[in-house]
Amino acid sequence: MRAAVEVIAEHGVGGATTRRIAATAKAPLASLHYCFSSKEDLLFAIYEQQAKTLQQQAWHIRQGAGLGRTAASLLRQLMSWWEGDDNYAQAQAELFFWALRQGGDLGTKAFQIHLDVMVECLRRGMRPGDDKSLVESLARVLTSTADGLLFQWFAFRDRDRLLADIDLATEALERLADAHRSKA
């Protein structure tokens with residue numbers, strides 16, 4: 001799958017032919033077709049695998065840190081992950097837009113994969129007094145903010161600007177969650 005990520009990052013989904021992916025993987029084309037019944041199955045499997053990898057390797061959640069701090073930490077970790085693996089970040093963006101263009105609910109399913117991960121992580125970081133009703137909305141805001149910062153990174157490659165905007169966004173997430181904490 002790593003070969004497919006590299007090809008997608010370099011050539012986009014349209015240029016990610018099974019032949020090109022197999023060549024990059026130094027694997028027989030037939031083995032790719034044996035594992036995946038279609039290119040579409042391969043692409044969605046990559047998207048799912050990326051979400052699982054991110055969940056398993058990138059997230060370090062301190063239980064009880066609080067909803068705001070957890071959201072801020074998730075945003076920092078996600079941006080660091082993406083900045084450190086440009087191919088992964090570009091492939092994920094390409095695959096999401098590919099999923100949207102497929103019609104039906106594939107785009108919704110693709111986005112929901114990431115929202116579910118965010119919701120689970122935010123819940124693990126909650127502390128007493130945090131507003132449980134804020135978790136799903138905060139997950140959507142966090143995901144949307146990360147996506148916007150990612151496209152800014154792609155466009156400008158200005159690390160100082162990115163870090164300054166991450167600082168601003170994390171402060172906003174913390175203040176939002178803190179404003180909704182109960183006084184108890």
Expected output for the stretch 36-56 (first residue closer than 18 Å to residue 15 by Cβ, partner open to solvent by 40 Å² or more (accessible area, probe 1.4 Å) and at pLDDT 85 or above, Cβ below 6 Å, 6+ apart or cross-chain) is 42/36; 46/1
Being part of a helix (DSSP H, G or I) and more than 14 Å from the chain's Cα centre (by Cα) is the filter here, so list the residues in the stretch 121-147 that pass it.
122, 123, 124, 125, 132, 133, 134, 135, 136, 137, 138
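Yes/no per residue for (1) of a type outside the set (Phe, Trp, Tyr); (2) modelled with pLDDT under 95:
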| site | (1), (2) |
| --- | --- |
| 88 | no, yes |
| 94 | yes, yes |
| 107 | yes, yes |
| 111 | no, yes |
| 115 | yes, yes |
| 156 | no, no |
| 169 | yes, no |
| 183 | yes, yes |
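Results for (1) over 26 Å from residue 103 (Cα atoms); (2) open to solvent by 70 Å² or more (accessible area, probe 1.4 Å), shown as yes or no for each residue.
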| residue | (1), (2) |
| --- | --- |
| 1 | no, yes |
| 5 | no, no |
| 28 | yes, yes |
| 31 | yes, no |
| 36 | no, no |
Being farther than 29 Å from residue 11 by Cα and surrounded by 14 or more Cβ atoms within 10 Å (Cβ to Cβ) is the requirement here; does residue 76 meet it?
no
Taking the stretch 116-155, which residues are over 17 Å from residue 69 (Cα atoms) and either among the charged types (D, E, K, R) or surrounded by fewer than 17 Cβ atoms within 10 Å (Cβ to Cβ) (or both)?
116, 144, 147, 148, 151, 152, 154, 155
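I want to confirm something. Restricting to the stretch 56-73 and keeping residues that are hydrophobic (A, V, I, L, M, F, W, C) and out of contact with any Asp or Glu (no Cβ under 6 Å at 6 or more places or on another chain), which single residue is most open to solvent (accessible area, probe 1.4 Å)?
The first filter runs over the stretch 56-73 and keeps only residues hydrophobic (A, V, I, L, M, F, W, C), leaving 58-59, 61, 65, 67, 71-72.
Keeping just the survivors that are out of contact with any Asp or Glu (no Cβ under 6 Å at 6 or more places or on another chain) gives 58-59, 61, 65, 71.
Values: 58: 9, 59: 18, 61: 35, 65: 12, 71: 0 Å².
Selected residue: 61.
Scan the helices (runs of 4 or more DSSP H) fully inside the stretch 1-83 and keep the ones with 3 or more residues being touching a Leu at 6+ places or on another chain (Cβ under 8 Å). Explain how you work it out, then say what you get.
On the way: elements: 2-11, 18-25, 29-35, 39-53.
Output list reads 18-25, 39-53.
The values are calculated or read from the model by the stated rules, or taken from the named source; none is laboratory data. In this text the structure is predicted, and so the values were computed from the model without any measurement. Cβ atoms come from the backbone with ideal geometry, glycine included; neighbour counts cover every protein chain shown. SASA here: full protein model, heavy atoms, side chains in, ligands and nucleic acids out. Shrake-Rupley method; radii C 1.70, N 1.55, O 1.52, S 1.80 Å.
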